[in-house]
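Report on the structure given below.
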Amino acid sequence: MIELQRAAAADLPEIVALTNWAYRGTGPQSSWTIESYLEGERTTAAALSEDLAAKPQAQILVWRDAAGELQGHVWLEPVADDAWYLGLLSVRPDRQDRKLGRTLLAAAEDFARARGVRRMRMRVINVRDTLIAWYERRGYALTGETDPFPYGDDRFGRPLRDDLSFVVLERAL
C-alpha cells in the first residue's frame, strides 16, 4: 500500500511538471497516455491554483517514494453525497512499466472509500480508446453521459481536432 498526502502549494510546480510530462511529453520516455491531438501544456501552476481555490473541497494527492521523489498524483473532488470525481491521474512515464498507475488508482479509491464514498466518476477524452479500455479493465464503465470539450479554453491545450468530447466513466466502490 502506498501513502497519499494532500499536496501543498509548494508541490504545484512539481505536479505541473509531472502532469505535462505524462500528458504531453515526447521522446523515448514519453507516456503511452500522451494526448497527441492537443498541443501546448496540459496545465500550469496558476490554473491548478485557480481550480483548487474555486473548488475548496477538491484536493490533489501526491505519492512520493521513500526518498521524497514524486511518483504520481491524482485529483479527487466530491461531486455528490456518495460520489467523487477522479482526475489528473499521473505517474512518472519513465516508470510506467511497474504498474504504478493501477497502484495509484487503487490507493485513490481506498482513500475515497475510507471517507464513505461509494462511487468514483471520471471524464476521459472520447478518442482515448486505449486509456478508456485501461480504466474498464479496472472496473470502470461508460455511463453513456458525455460532456463537451472546452474549445476556446486553452487552459488544457489547443485541440488539433474538432471532434473531441468527454465520456463519463463510473465505478462502484
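The values are calculated or read from the model by the stated rules, or taken from the named source; none is laboratory data. Worth saying up front: this structure is predicted, and the values here are computed from it rather than measured. Virtual Cβ from ideal backbone geometry, glycine too; neighbours counted across all protein chains shown.
In region 109-167, what residues are hydroxyl-bearing (Ser, Thr, Tyr) and not in a strand (DSSP E or B)?
Matches in region 109-167: THR130, TYR135, TYR140, TYR151.
Hey, can you tell me all the residues within region 103-140 that are charged (D, E, K, R) and either modelled with pLDDT under 95 or farther than 13 Å from ALA172 by Cα (or both)?
Within region 103-140, ARG115, ARG123, ARG128, ASP129, ARG137 qualify.
Of the conditions (1) closer than 15 Å to ALA22 by Cα; (2) modelled with pLDDT under 95; (3) touching a helix residue (DSSP H, G or I) at 6+ places or on another chain (Cβ under 9 Å), GLY72 satisfies every one except a single condition; which number is it?
Among (1) closer than 15 Å to ALA22 by Cα; (2) modelled with pLDDT under 95; (3) touching a helix residue (DSSP H, G or I) at 6+ places or on another chain (Cβ under 9 Å), GLY72 violates only (2).
Give the residues of region 48-68 that are surrounded by 11 or more Cβ atoms within 10 Å (Cβ to Cβ) and part of a loop (DSSP other than H, G, I, E, B), sorted by residue number.
Within region 48-68, LYS55, ALA58, ASP65 qualify.
When the residues of region 75-131 are filtered to those that are among the hydroxyl-bearing types (Ser, Thr, Tyr) and within 13 Å of the chain's Cα centre (by Cα), which remaining residue is farthest from GLU50 (Cα to Cα)?
SER90
Out of THR44, THR33, I need the residue that is under 25 Å from LEU164 (Cα atoms), among the β-branched types (Val, Ile, Thr) and at pLDDT 85 or above. Which one?
When all the criteria are applied, what remains is THR44.
Checking ALA45 against (1) farther than 18 Å from PHE156 by Cα; (2) surrounded by fewer than 18 Cβ atoms within 10 Å (Cβ to Cβ), which test does it fail?
Against the list (1) farther than 18 Å from PHE156 by Cα; (2) surrounded by fewer than 18 Cβ atoms within 10 Å (Cβ to Cβ), ALA45 comes up short only on (1).
Which condition from (1) in contact (Cβ under 8 Å) with a residue 60 or more places away in the chain; (2) within 20 Å of SER165 (Cα to Cα); (3) surrounded by 20 or more Cβ atoms within 10 Å (Cβ to Cβ) is the one that ALA108 breaks?
Against the list (1) in contact (Cβ under 8 Å) with a residue 60 or more places away in the chain; (2) within 20 Å of SER165 (Cα to Cα); (3) surrounded by 20 or more Cβ atoms within 10 Å (Cβ to Cβ), ALA108 comes up short only on (2).
Please indicate, with yes or no, whether at least one residue in region 90-102 is acidic (Asp, Glu) and either buried (at least 19 other Cβ atoms within 10 Å of the Cβ) or modelled with pLDDT under 95 (or both).
Scanning region 90-102, I find at least one residue that is acidic (Asp, Glu) and either buried (at least 19 other Cβ atoms within 10 Å of the Cβ) or modelled with pLDDT under 95 (or both), so the answer is yes.
Being free of Cβ contacts under 8 Å to residues at least 60 places away in the same chain and touching a Phe, Trp or Tyr at 6+ places or on another chain (Cβ under 6 Å) is the filter here; which residues of region 131-173 pass it?
ASP147, SER165, LEU169
Within the bounds of region 146-155, is there any residue that is among the polar types (S, T, N, Q), more than 16 Å from the chain's Cα centre (by Cα) and surrounded by 12 or more Cβ atoms within 10 Å (Cβ to Cβ)?
For region 146-155, residues among the polar types (S, T, N, Q), more than 16 Å from the chain's Cα centre (by Cα) and surrounded by 12 or more Cβ atoms within 10 Å (Cβ to Cβ): present.
Output the residues belonging to region 156-173 that are closer than 15 Å to ASP129 by Cβ and either surrounded by 15 or more Cβ atoms within 10 Å (Cβ to Cβ) or polar (S, T, N, Q) (or both).
Selection gives LEU164, SER165, PHE166, VAL167, LEU169.
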